[in-house]
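Student: Please find one structure pasted underneath; my questions will follow.
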Amino acid sequence: MAEGFLNILKPPGMTSHDVVGYIRKIFCTKQVGHAGTLDPGAAGVLPVAVGKATRLVEYLSVAQKSYRLELLFGFSTDTGDVGGEVLEHLAEFCVPGKDVIEKKLQEFVGDIMQRPPAYSALKIQGKRAYALAREKHDVKLPARRVKIYGLHFIEQCGSRVLLDMICSKGTYVRSFCQDFGTSIGIPATMGFLLRKKVGRFSLQDSFTLEETAKVKETALLPLDAAIAHLPRCEIASHRIKPFCNGLSTGNIRPLPTENILRVYGEGNFIGIGRYDMEKHELYPTKIFRETRN
């Protein structure tokens, strides 16, 4: 059975779930999942897990993400992008220049509080927020802390600005665009959105769905490809079998500085481990190597 990760170039117009359905047909398996949902109108990198790799999707969600985004001044919508219903429109306004924009961008770099858009996949009492919003319910999700590592001005053409953003999981670009507009007193919304990178998955190495259908298993990356952002830990050869059988192991050198580690034995990926800082013990969390008793 096929297993591993696919670096898919999601086209605009498809949901992330649509992509999963397409991959299921290619590999003839239901065991397919994706990491980091992309809005239907957005394009770019969508990591897709096949087979046992689906057990690692949760660890990929913490990886940094990189976007190319279009910021449009002069109007706002209920969805935060151009596909929504216009809530406010200014016939005339003074377009801010590059210097003003670059200076204001720096106020959004670092830890910020951000309110997710009403039209999002987050759940409220078991129901998707976007479903409630479509039913005309008053959806107001609580603000939460996210981190923007970098915002870079690319170019400006009238009221249209191109930016690059590097951010943490849970960051909504649509919310950023709205908040940025509010900060300078001009309504703003997101135009197009292109995701350039998720962890080690980059745009230049991605496959279209058509390419994936042609090469199939050739496009698959190994299980540990998606979690290269996690610290690596190598355990002694004589501890491999006990660790795979559920026993902890100690004497890890150098001492880990983080709790979640990708674990290797004799150079081969074994699985995910949780390191207890107080006990100096590494406990198996998810094992991918079979052993014989």
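The values are calculated or read from the model by the stated rules, or taken from the named source; none is laboratory data. Quantities reported herein were computed from a predicted structural model and do not represent experimental measurements. Every residue, glycine among them, receives a Cβ derived from its backbone with ideal geometry; neighbour counts consider all protein chains shown. To get the accessible areas, we keep the full protein, side chains included, count just its heavy atoms, and leave off ligands, DNA and RNA. Shrake-Rupley method; radii C 1.70, N 1.55, O 1.52, S 1.80 Å.
Student: Output wanted: per-residue J couplings in Hz (rounded whole) for region 159-171, from phi through Karplus 6.51 cos²θ - 1.76 cosθ + 1.60, θ = phi - 60°, x for Gly and Pro.
Tutor: 8, 10, 10, 9, 9, 10, 10, 10, 8, 8, 4, x, 7
Student: Projecting each Cα onto the charge dipole of the chain (Lys/Arg +1, Asp/Glu -1 at the beta carbon, about the Cα centre), which of F108, V62, G265 comes out farthest on the positive side?
Tutor: G265
Student: Quick one: what are the phi-derived ³J(HN,Hα) couplings along region 102-113, Karplus 6.51/-1.76/1.60 with θ = phi - 60°, whole Hz, x for glycine and proline?
Tutor: Along region 102-113, the couplings run 4, 5, 5, 4, 5, 6, 9, 7, x, 6, 9, 9 Hz.
Student: From the alpha carbon gyration tensor of region 209-278, can you work out the equivalent ellipsoid semi-axes (sqrt of 5 times each eigenvalue) and give them in Å, largest to smallest?
Tutor: Computed over region 209-278, the values are 30, 14, 9 Å.
Student: Now for a different question. Can you pull a Stokes-Einstein diffusion coefficient for region 62-213 at 37 °C (0.692 mPa s), Rh from Kirkwood over Cα pairs, as a whole number of µm²/s?
Tutor: 199
Student: Among L221, P187, G41, which residue has its Cα positioned farthest towards the positive end of the charge dipole of the chain, with +1 placed on the Cβ of Lys and Arg, -1 on the Cβ of Asp and Glu, and the dipole taken about the Cα centre?
Tutor: L221
Student: Relative to the compact-globule scaling 2.2 N^0.38 Å, provide the ratio for the alpha-carbon radius of gyration of region 164-273.
Tutor: Region 164-273 yields a ratio of 1.58.
Student: If you average the C-alpha positions of region 251-293 and of region 52-85 separately, how far apart do those two centres end up, in angstrom?
Tutor: Between the Cα centres of region 251-293 and region 52-85 lies a distance of 32 Å.
Student: Related question: To the nearest 20 debye, what charge dipole does the chain have about its Cα centre, counting +1 at the Cβ of each Lys and Arg and -1 at the Cβ of each Asp and Glu?
Tutor: Dipole of the chain, to the nearest 20 debye: 1000 debye.
Student: Follow-up. Express in nm, to one decimal, how much length is gained between K25 and Q64 on full extension, taking 0.36 nm for each residue of separation and deducting their alpha carbon distance.
Tutor: Using 0.36 nm per residue and subtracting the Cα-Cα distance, I get 11.1 nm.
Student: Angle, helix 173-184 long axis vs. longest principal axis of the chain, Cα atoms, 0 to 90°, nearest 10?
Tutor: Long axis of 173-184 versus the principal axis of the chain: about 40 degrees.
Student: Testing the spin-label approximation: label points 7 Å from Cα along Cα→Cβ at K103 and R134. State their distance in nm.
Tutor: Taking the two extended label points, one gets 4.4 nm.
Student: Using θ = phi - 60° and the Karplus curve 6.51 cos²θ - 1.76 cosθ + 1.60, what whole-Hz ³J(HN,Hα) does each residue of region 240-256 get, with Gly and Pro shown as x?
Tutor: Going residue by residue, I get 4, 4, x, 5, 5, 8, x, 8, 6, 9, x, 6, 7, 9, x, 5, x Hz, with x marking Gly and Pro.
Student: Another question, if that's okay. Computed from the coordinates I sent, volume of the Cα convex hull per residue in Å³ equals one of (i) 164; (ii) 209; (iii) 141. Tell me the label.
Tutor: This structure yields the entry labelled (i).
Student: Here is a follow-up. Can you tell me the length gained on complete extension of the stretch M113 to K169, counting 0.36 nm per residue apart and subtracting the Cα distance?
Tutor: That pair, M113 and K169, stretches by 18.8 nm at full extension.
Student: Under a no-solvent Debye model with one identical scatterer per Cα of region 68-156, what's log10 I(q)/I(0) at q = 0.11, 0.13, 0.15, 0.21 Å⁻¹?
Tutor: -0.43, -0.60, -0.78, -1.19
Student: Estimate the FRET efficiency between D78 and E281 by the formula 1/(1 + (r/R0)^6), using the beta-carbon distance for r and 35 Å for R0, to the nearest 0.05.
Tutor: Calculated value: 0.10.
Student: What distance in nm separates the simple spin-label points at I154 and A213, each placed 7 Å from Cα in the Cβ direction?
Tutor: In this crude spin-label approximation the distance works out to 2.8 nm.
Student: Sticking with this one: Keeping the other protein chains in place, figure out the carbon and sulfur percent of the accessible area of region 1-153, with a 1.4 Å probe.
Tutor: Exposed carbon and sulfur together represent 51 percent of the surface.
Student: A further question on this structure: What accessible area per residue comes out for the chain, rounded to a whole number of Å², with a 1.4 Å probe?
Tutor: Heavy-atom SASA per residue in the chain reads 52 Å².
Student: I need to check one value: relative contact order of region 1-117, counting alpha carbon pairs closer than 8 Å and at least 6 residues apart, in percent.
Tutor: Once divided by the residue count of region 1-117, the mean separation gives 21 percent.
Student: Additional query: Report the Cα centroid-to-centroid distance between region 131-146 and region 202-245 in angstrom, as an integer.
Tutor: 36
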